[in-house]
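For reference, the structure is listed below as C-alpha cells.
The values are calculated or read from the model by the stated rules, or taken from the named source; none is laboratory data. Bear in mind that the values here come from a model prediction, so they are computed numbers and not experimental data. When we count neighbours, we look across all protein chains shown, and the Cβ atoms used for this are built from the backbone with ideal geometry, even at glycine.
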Amino acid sequence: MRLQKPFARLSMLAFAAACAWPTSQAATPLPKLTPATGAPLVEDCSALLAKLSPLPNTQITATELVKEGTLTVGGQAIAEHCRVAGKMHERTSPVDGKSYAIGFEMRLPKNWNGRFLHQGNGGIDGVVHPAVGGFGGGPLTNALQQGFAVLSSDAGHTGGNPSFGVDPQARLDYGYQAVGKLTPMAKTVITAAYGKQPDRSYFAGCSNGGRHAMVAATRYFQDYDGILAGAPAYNLPRAAIANLAGARLYQTVATQEVKNHMDLATALTDKERQLVADKVVERCDALDGAKDGMVQNVAACQQVFSLKKDVPSCTGERDGACLSDKQKEVLSQIFAGPKTSKGQRIYASFPFDSGFGAGKSGVPSGGSPVGSGVAFWEFFASTNLDSGATGIIFKVPPESPENFKSVAFSLTTDLDALFSGIYASNDVYNESAMAFMTPPNPTDMKGLRNKGGKIIVYHGVSDSIFSIHDSEAWLRGVQKNTGKDFAKLYPIPGMGHCSGGPATDQMDILTPLVKWVEEGVAPEAIVASARGAGNAGGANPDLPTTWDAARTRPLCPFPHVARYKGSGDLEKADNFSCK
Ligand SMILES: [Ca+2]
C-alpha cells in the first residue's frame, strides 16, 4: 500500500508529460551528456609498464616519458606526456603465412582533460603515426595539445603496401575490427594511468581516417560520444573504382607515353587545370556577394558554370589557354561520376570548384608526391594506389601481390567485374569489401544520436578523390533516417583532399564538437584561416598571392554558405555570415 501513492503520482506526471508533448511525431529528446573533468597522471610513465603487463591480447612494448617540446604544433611546444607503445592480437596468418599484429601507440598528457581521442589514419593504414590527433591543414593545435589522451594504430598490418589484403583477418582489422579491439584496451590504459575511465570519448580522422570515424559512429557508437570525420571515405571501394574509371578516360586524351603506358598527367596539364579553375572563379565568384577569389555558393555555381561554354575551345593545337572538345568530354564524364555498362552509378559526381588547379603534376625526385592536390589523386594515385587497393585488398580472391602490375591492372581490368567484386565474398574472404570497409548503414546513426552523441563532417569542395557530393548525400540521408539535431557537414570551398588548395583550411573543429557533445551548444559558423607566408602551421603553397596571408572565413554548416555582408574588409570572417 505504501508504494501505491508514489506510483500513482508518477503515472499522473507521465500522463501530464504525454499531454504536454506537442505531437506523437516529435523526436525523442536527446540525453544531455555531462562535461569531462580532468585528472593528472597518477602513475609515472615507467611504472605504467608493469601495471599494464597483464592486459588481454596485448603486449606493451615500451613506455617513455616525452619531454615538453619534443613535439610541436603550430610552433608551440607540446607539453610533457607519456607514450605507451604496443601491439595486440599478434598472430600468423593461415593464408599467407606472414605475421600480423595491431600496432599502436598512446600519448597520455600529464594534465589530462578527461577525454579520449581515437585518431583514424589515412591511406591504407599500416603505419603507427604519432598519436597527436591533428586535423585540417597546417594545424595550430591538436588533441594532444588540448589535453586529450590519444590513440593511433596501424589498423592491423605494417608497411604502406596492399599485400595484407591476401590475409582475410587483416582485411577485417583494416576495415573495422582493429577499432573494436583497440578501444577497450585504450580505455583500460587510460584508467590505469589516471585512476578513472575517460568521461568522454571521441573519434577523429580524415580520408580513410574519416571512414574509420564513420564506421565507429555506426558499429561502435556505445564507445564514442563525438565523431569528427574529414573527407569521409565511407564509400571507399566505390571511390577507388571511380578513380580507375577516371584514369581510363584521361588516357584517351594523354599525349605522351611513359614506361609503356600513357602519362596521365599529359591528359590535362597544370596550366589547363588552372584554366578550368580560373573560369569557374570567373563565373561563380560573385554569387556569394564578394569578388574575393572564393566560390562559397557551390550549388549555384554548378547551375551557371558550363565547361563547354565558359572554357575556350581549342581551334588549333592545345596551348594551355583552351581545351580540346575531347578533353571537355572526358572532364564532363569524370565530374558526372562513372557508371557501369548497365548504367549503375559507381560513385558520386563531383562539383566544379576553384581548387581544380591545385597541386603540381609529376613525381618529385626523392619522394612520393603525396598531397592534397588534384594532380596527385587523378594522375598518380589512380594507377599506383587505387589499383592495389582494388586488386589486392577489395577483390575476392585477391590478385597475387608478387605479380601485380599496378598500372596495367588499373587501365585494363573490366570495371563491371571490379564493381561487382567489391560486393563479393567466398569461404575464405567471407565479408565483401563493401561490408568490411563501409558503415553497415551510413544513414542510420540512431545509436549515436539517441545516446546524446554528435557527429561533424568536414570536406574540401575541391577534393578529387572523395566527393563532397557523397558527404552531402550522407547528410540528407542521415537527417531523414536518424535526425537533424546531431549531425552537421562543413564544406570547405577550394580545399583539396583534407587540406590545401586555394582555401581557408586551418581550423579547430574539435573544440566546437566537444562543446556540442558536452554542453549542448550546436556549432554554427566556425572561423577558419588561410595559411599565407609566415603562418605558424606552415604556409599553403596553393594560396593565391592576392589574398591576405591571414585571410579568415566562416565555415558554414551545409546548406548555408558564407555570404558577404556587403561592406567591410574582404579578408575578415566578421564581414561574412552563414546564410
Ligand atoms: Ca566569392
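Within segment 300-349, restricting attention to residues that are more than 27 Å from Pro232 (Cα to Cα) and of a type in the set (A, V, I, L, M), the residue that is farthest from the chain's Cα centre (by Cα) is Ala321. Pro554: touching a strand residue (DSSP E or B) at 6+ places or on another chain (Cβ under 6 Å), within 15 Å of the ligand (Cβ to nearest atom) and at negative phi, yes or no? Taking the combined requirement at face value, the residue satisfies it.
Would you say Gly138 is farther than 18 Å from Thr58 by Cα and not in a helix (DSSP H, G or I)? Explain how you work it out, then say what you get.
On the way: farther than 18 Å from Thr58 by Cα: yes; not in a helix (DSSP H, G or I): yes.
Answer is yes for this residue.
Across segment 493-504, not a single residue is classified as at pLDDT 95 or above, surrounded by 23 or more Cβ atoms within 10 Å (Cβ to Cβ) and over 24 Å from Gln296 (Cα atoms). Residue count for segment 241-267, restricted to those that are among the β-branched types (Val, Ile, Thr), in a helix (DSSP H, G or I) and in contact with a helix residue (DSSP H, G or I) (Cβ under 6 Å, 6 or more places away or on another chain): 1.
Among the residues of segment 156-177, which ones are over 16 Å from the mean Cα position of the chain (by Cα) and either closer than 18 Å to Tyr224 by Cα or assigned to a helix (DSSP H, G or I) (or both)? Write out each step before concluding.
Restricting attention to segment 156-177, the residues satisfying the condition of being over 16 Å from the mean Cα position of the chain (by Cα) are 156-173, 177.
Listed by number, the residues that qualify are Pro162, Ser163, Phe164, Gly165, Val166, Pro168, Gln169, Ala170, Arg171, Leu172, Asp173, Gln177.
Counting the residues of segment 48-60 that are among the hydroxyl-bearing types (Ser, Thr, Tyr) and either outside any strand (DSSP E or B) or loosely packed, with under 13 Cβ neighbours inside 10 Å (or both) gives 1.
Inside segment 379-467, counting only helices (runs of 4 or more DSSP H) that do not spill past its ends, which hold 1 or more residues that are more than 17 Å from Ala216 (Cβ to Cβ)?
Details: elements: 406-412, 415-421, 433-437, 446-450.
Where helices (runs of 4 or more DSSP H) fall fully within segment 379-467 and carry at least 1 residues being more than 17 Å from Ala216 (Cβ to Cβ), they are 406-412, 415-421, 433-437.
For Leu228, the criteria (1) closer than 28 Å to Ala299 by Cβ; (2) not in a strand (DSSP E or B) hold in every case but one, which is (2).
Name every residue in segment 268-293 that is assigned to a loop (DSSP other than H, G, I, E, B) and either within 16 Å of the ligand (Cβ to nearest atom) or surrounded by fewer than 18 Cβ atoms within 10 Å (Cβ to Cβ) (or both), in order of residue number. Show your work before the answer.
As a first pass, look at segment 268-293 and keep what is assigned to a loop (DSSP other than H, G, I, E, B): 268-269, 289-293.
The answer is Thr269, Gly289, Ala290, Lys291, Asp292, Gly293.
If you check Lys291 against the conditions, is it of a type in the set (Lys, Arg) and closer than 30 Å to Gly568 by Cα? Yes, satisfied.
Could you check segment 294-318 and list, in sequence order, the residues that are crowded, with 19+ Cβ neighbours inside 10 Å and within 14 Å of the ligand (Cβ to nearest atom)? So that I can check it myself, show each step before the final result.
Filtering segment 294-318 down to residues crowded, with 19+ Cβ neighbours inside 10 Å leaves 294-298, 301, 305, 311.
Selection gives Met294, Val295, Gln296, Asn297, Val298, Cys301, Phe305.
Within the option set Ala131, Ala85, Ala143, Ala101, being crowded, with 16+ Cβ neighbours inside 10 Å, touching a residue at least 60 places away in the same chain (Cβ under 8 Å) and either on the phi < 0 side of the Ramachandran plot or part of a strand (DSSP E or B) (or both) holds for one residue only, Ala143.
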